[in-house]
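Everything below concerns the one structure shown next.
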Amino acid sequence: MNKVIMVMICIVVILGAVITAIVISKPNEKENIEIEQTKVSEEKILDDCTEEYERIENNNMIETTANEEKISPNCSITYKKYYKECGHTTNEYNNIPKELINFTEEELKEKYPDWQIEKFSSNEIILYKEIEGSCNEHFVVREKEGKVVIYKILENGEEEEFEVTQISTDYLTETDKMEMEKGIKVNGKQKLNQLIEDFE
């Protein structure tokens, strides 16, 4: 009889423990649900922050691009060419072509892939290129029929009449006349123009 009572008491205690465990676990499930909801909202906040971060980064990139130096309408461009055969360098100065206005340095590189950019600013650009052969700007200044005459030196070394000026040799110094008899060699149109101006 005592054994039956003991078994009954054990069963009641076990049932009580099971019921207590169920009751206690239910609020934990609620807490778990609340924790899950908090995590979801936190993730949402993190996503929002990430999107905000990306938006700020994009704005910064746009600002950086906007601040990148571009070619202005008042810019000058110099085409600097080095000729390997004769070893001379020529410089051709121009105003910027309209199609290059507002170009960045990268865009200019794409437009002139065979040239090196020696200088890039909004007001001045210098492009450099090495070229095989001669510069084709070798001249000799001589006297012919009382006038100052310019001859172009061809690649084969021969002279070809390039221009007959209206400058009379009568008004030149004796030194200039003697040099002209031998032939005054000039390389480049810029130096040639300077020499002719000195004779005028």
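Taking the criterion of being in a helix (DSSP H, G or I) and among the hydroxyl-bearing types (S, T, Y), the residues of region 147-172 that qualify are T169, Y171.
Considering region 87-103, the residues that are in contact with a strand residue (DSSP E or B) (Cβ under 8 Å, 6 or more places away or on another chain) and assigned to a loop (DSSP other than H, G, I, E, B) include one that is nearest to V149 (Cα to Cα), namely H88. Restrict the check to region 173-180 and report whether at least one residue is in a loop (DSSP other than H, G, I, E, B) and of a type outside the set (V, I, T). No, region 173-180 contains no residue that is in a loop (DSSP other than H, G, I, E, B) and of a type outside the set (V, I, T). Of the numbered criteria (1) free of Cβ contacts under 8 Å to residues at least 24 places away in the same chain; (2) surrounded by fewer than 11 Cβ atoms within 10 Å (Cβ to Cβ), the one Y112 fails is (2).
Candidates S122, S134: the one that is closer than 30 Å to E158 by Cβ and assigned to a loop (DSSP other than H, G, I, E, B) is S134.
Being out of contact with any Leu (no Cβ under 6 Å at 6 or more places or on another chain), modelled with pLDDT under 90, outside any loop (DSSP other than H, G, I, E, B) and among the acidic types (D, E) holds for only one residue in E197, E106, and it is E197.
The values are calculated or read from the model by the stated rules, or taken from the named source; none is laboratory data. Keep in mind the model is a prediction, meaning the values are calculated, not measured. Note that each Cβ is placed from the backbone with ideal geometry, even for glycine, and that neighbours are counted across all protein chains shown.
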